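Student: First the structure, then my questions, so here it is.
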Amino acid sequence: MRKGTLTLTPALSLSEAEGARRLNEDTMSEIDQATDPAALIEAYYDAGWTDGLPVVPPSDAYIAGMLAAAGLRGDEILGEIAGRNTEVVAEKAAINAVMAGCRPEYMPVVVAAVRSLCAPAFAYHGPASSTGGSAMVLVVNGPIVERLAINSGNNAFGQGHRPNATIGRAVRLIMMNAMNTRPGLLDRATLGNPGKYSFCFAEHEEDHPWEPLHVSRGLKREDSAVTLIASNSLYQVYNQLAATPEPLLLCFADALGNMGSPNLKGFNQTLIVFAGEHADIIKAAGWSRLDVQRFLVEHTRRRLADFKRTARIPGAVTEQDETTWRHIFENPEDILIACAGGRAGSWSACLPGWGNKWTRSITTRIDVPGRTA
Amino acid sequence: MKLFDPTSKPVERAVMLAPRPTSLRGLRLGLVDNTKFNSDTLLRKLAERLAARHGMRVTVTNRKRSPSHEIDEAGIKALRAQADLVISGIGD
């Protein structure tokens, strides 16, 4: 066996396994520890630098390639969180991106996401450290989606696509390692959620009822962009019977206004993701983005009596409380709408934003050296 | 074996602490309410006790925009000018 290589062993009988064990021990003894990926991976675990999954051990060349792909010097500051004396240095971001498994060409997306994290309006401390345990949800738009093959279709929130899995993971590793946001310390999540490992998907801009998300937020269609919103929940919304927007959107209003939601009292933002069949219903009816937003602002509401019965507001229920409505959203633009997912299936999703109106979702243009988009 | 450290330490900045008071008697009290649920109530109760026991009086109250935000410069300036001692809260 060639020095420095390992083989995978298929299922063996006990006697065969004993022989294989000896063989592997002999083989392992020949392996230079410095070139053994498994030893390096364990070393990163031992140092406490992983998110629980194995990391890709960085090299000088891969880190340099990561920086070059984003047109960065290693000592550049990507952003800061002043109240926490935190600065994100490009080299550290690049190391974490390698560890996450990113290819160099993903780095501009990671950088844009980090700049979003550090935008003052995002108010990092709350969504990053809250007991609510938010995922940092990244929605990617523009020409870069096709170039990097970021999944916007079937299983857009799920597994199986390297850019989706690793870009989101890089952002979380940067938060943990370069922004000191570690579970149990400055990440105080009570439960957290699986989206904290990684949550990145692309918008499906074809067959979209309206302009893409980044255009609705002031960028040009030919721009590439990443939109960051902190969300501690993902509700899949099902409706196979609705043929018009109203009954379909009432399901969303109900999901967004459930009394267990943390976000009923502060006029926060939310992200709605329409998949193909539901997007078609809205498109066929000729509803605009603003029509959908206004409908949800109007219909996402609960009686004051509901708030009091569930002790979300103190006090005894009065007769007047039974007919006094409280709306959950204040402004139509606080309902972000994106399209993603497979063409088949009567599913969509809502991802309520963390906290109240003091944290805002952030859309940042992705700058790729040598490209205009 | 070569490892690349992915971590950053917080940026070190010099912080000048205010002199500690030797007595609480008659001090001017500043309150910083971070808007967490019941923070205003708790701070008010604390202020009442400090007034009763030590003759302190609330001279300035700052209600933060949110728990996530820092106090703005004007707020810091007012606390500096008008308070001898500041209580900030609350955690949950």
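Student: Rounding to the nearest 20 debye, state how big the charge dipole of chain B is about its Cα centre with +1 on each Lys and Arg Cβ and -1 on each Asp and Glu Cβ.
Tutor: Working: 17 positive and 10 negative charges, 63 e Å.
Computed about the Cα centre, the dipole is about 300 debye.
Student: May I pose another question? Leaving ligands, DNA and RNA out of it, work out the accessible area of B:SER23 with a 1.4 Å probe and give it in Å² to the nearest 10.
Tutor: Probe radius 1.4 Å; accessible area of B:SER23 about 60 Å².
Student: Over the Cα atoms, compute the radius of gyration (one decimal) and Dmax (the largest Cα-Cα distance, rounded to a whole number) for region A:69-111, in Å.
Tutor: Cα radius of gyration and Dmax of region A:69-111 are 10.7, 32 Å respectively.
Student: Moving to a separate point now. From the backbone phi of region A:37-44, what are the Karplus-calculated ³J(HN,Hα) couplings (6.51 cos²θ - 1.76 cosθ + 1.60, θ = phi - 60°) in whole Hz, Gly and Pro given as x?
Tutor: x, 5, 5, 5, 4, 4, 5, 5
Student: I'd like the mean, over residues of B:6-19, of how many other protein chain beta carbons sit within 10 Å of each residue's own Cβ. Walk me through the numbers before you get to the answer.
Tutor: Values: counts 21, 12, 12, 4, 7, 8, 1, 2, 0, 1, 0, 0, 0, 0.
Counting other chains' Cβ atoms within 10 Å and averaging over B:6-19 gives 5.
Student: Still on this structure: Can you list residues from other chains, or at least 5 along the same chain, whose modelled amide H is less than 5 Å from the amide H of A:GLY79?
Tutor: For A:GLY79, the qualifying residues are A:VAL88.
Student: Follow-up. Counting only protein chains, not ligands or nucleic acids, how are A:THR324, A:THR300 ordered by accessible area (probe 1.4 Å), most first?
Tutor: On the way: A:THR324 50, A:THR300 0 Å².
Sorted descending by solvent-accessible area, the residues read A:THR324, A:THR300.
Student: Could you check the simple spin-label distance between B:ASN38 and A:ALA285, using points 7 Å along Cα→Cβ, in nm with one decimal?
Tutor: According to this spin-label approximation, the distance is 4.3 nm.
Student: Consider just the alpha-carbon atoms of region A:265-373 and return their Rg together with their Dmax, both in angstrom.
Tutor: Considering region A:265-373 through its Cα atoms, Rg and Dmax are 18.1, 65 Å.
Student: Still on this structure, please answer the following. Contact order normalised by length for chain B, with contacts defined as Cα pairs under 8 Å and 6 or more residues apart; what percent is it? Don't jump to the answer; show the numbers that get you there.
Tutor: Values: 115 pairs, mean separation 35.3, N = 92.
Result for chain B is 38 percent.
Student: Would you please give the FRET efficiency between A:GLU330 and B:LYS2, computed as 1/(1 + (r/R0)^6) with r the Cβ-Cβ distance and R0 = 60 Å, to the nearest 0.05?
Tutor: Approximately 0.70, to the nearest 0.05.
Student: If each DSSP helix of 4+ residues adds -39,500 (n - 2.57) and the sum is divided by the residues in the protein assembly as shown, what number results at 222 nm, nearest 500 deg cm²/dmol?
Tutor: Computed ellipticity for the protein assembly as shown at 222 nm equals -9500 deg cm²/dmol.
Student: Between B:ALA52 and A:ALA43, what is the FRET efficiency for a Förster distance of 60 Å, r being their Cβ-Cβ separation, to the nearest 0.05?
Tutor: After rounding to 0.05, the efficiency reads 0.50.
Student: Using only Cα atoms, find the angle between the long axis of helix B:39-54 and the longest principal axis of chain B, and express it within 0 to 90 degrees, rounded to the nearest 10.
Tutor: It is inclined by approximately 50 degrees.
Student: From Cα pairs below 8 angstrom and at least 6 apart in sequence, can you work out the relative contact order of chain A, rounded to a whole percent?
Tutor: Rounded, it is 20 percent for chain A.
Student: Can you sort B:PHE4, A:PHE274 by 1.4 Å-probe accessible area, starting with the largest?
Tutor: The ranking, largest first, comes out as B:PHE4, A:PHE274.
Student: Something else now. Have a look at A:VAL137, A:VAL114, A:ASN154 and report the one farthest towards the positive end of the charge dipole of region A:51-182, computed about the Cα centre with Cβ charges (Lys/Arg +1, Asp/Glu -1).
Tutor: The residue sitting most towards the positive pole is A:ASN154.
Student: Another one. Using only protein heavy atoms and a 1.4 Å probe, report how much of A:TYR45 is accessible, in Å² to the nearest 10.
Tutor: The accessible area of A:TYR45 comes to roughly 80 Å².
Student: Using only the Cα atoms of the protein assembly as shown, what semi-axes does the equivalent ellipsoid have when each is the square root of 5 times a gyration tensor eigenvalue? Give whole Å, largest first.
Tutor: After scaling each eigenvalue by five and taking roots: 42, 34, 22 Å.
Student: So, in Å, what gap is there between the alpha-carbon centers of region A:297-373 and region B:1-43?
Tutor: Region A:297-373 and region B:1-43 have Cα centres separated by 32 Å.
Student: If you don't mind, another one. Can you quote the Å³ per residue value for the convex hull of the Cα atoms in region A:123-225, rounded to an integer? If you can, show how the numbers build up before the last one.
Tutor: Values: hull volume 12.0 nm³, N = 103.
Each residue corresponds to 117 Å³ of Cα convex hull volume.
Student: Right, here's the next one. Normalised by the empirical 2.2 N^0.38 Å for globular proteins, what value does the Cα Rg of chain B take?
Tutor: Ratio of Rg to 2.2 N^0.38 Å for chain B: 1.43.
Student: Mean shadow of region A:139-198, computed from the convex hull of its alpha carbons, in nm²?
Tutor: 4.8 nm²
Student: Let me ask something else about it. Using only atoms on other chains, find how many Cβ atoms lie within 10 Å of each Cβ of peptide B:68-74 and report the average.
Tutor: 4
Student: Excluding ligands and nucleic acids, what accessible area in Å² is computed for A:TRP49 using a 1.4 Å probe, to the nearest 10?
Tutor: The value for A:TRP49 is about 40 Å².
Student: Provide Rg and Dmax in Å for region A:46-88, with only Cα atoms included in the calculation.
Tutor: Expressed in Å, the Cα Rg and Dmax of region A:46-88 come to 13.5, 34.
Student: At a Förster radius of 22 Å, what calculated FRET efficiency corresponds to the Cβ-Cβ distance of A:ARG147 and A:GLU76, to the nearest 0.05?
Tutor: Working: r = 23 Å, r/R0 = 1.06.
Efficiency at R0 = 22 Å is approximately 0.40.
Student: Tell me, what are the semi-axes, in whole angstrom and largest first, of the equivalent ellipsoid of region A:317-373 as set by the roots of 5 times the Cα gyration tensor eigenvalues? Let's see the in-between values first.
Tutor: Details: eigenvalues 269, 78, 15 Å².
Semi-axes (√(5λ), whole Å): 37, 20, 9.
Student: Report, to two decimal places, the Cα Rg of region A:190-331 normalised by 2.2 N^0.38 Å (N = number of residues).
Tutor: In units of the 2.2 N^0.38 Å rule of thumb, it is 1.19.
Student: Another one. Order B:LYS9, B:LYS45 by their accessible area, 1.4 angstrom probe, all chains in place, largest first.
Tutor: B:LYS9, B:LYS45
The values are calculated or read from the model by the stated rules, or taken from the named source; none is laboratory data. The model shown is predicted, which means the values in this text are computed figures rather than measured ones. Cβ atoms come from the backbone with ideal geometry, glycine included; neighbour counts cover every protein chain shown. Note: accessible area is taken over every heavy atom of the protein model, side chains too, but ligands, DNA and RNA are not part of it. Shrake-Rupley method; radii C 1.70, N 1.55, O 1.52, S 1.80 Å.
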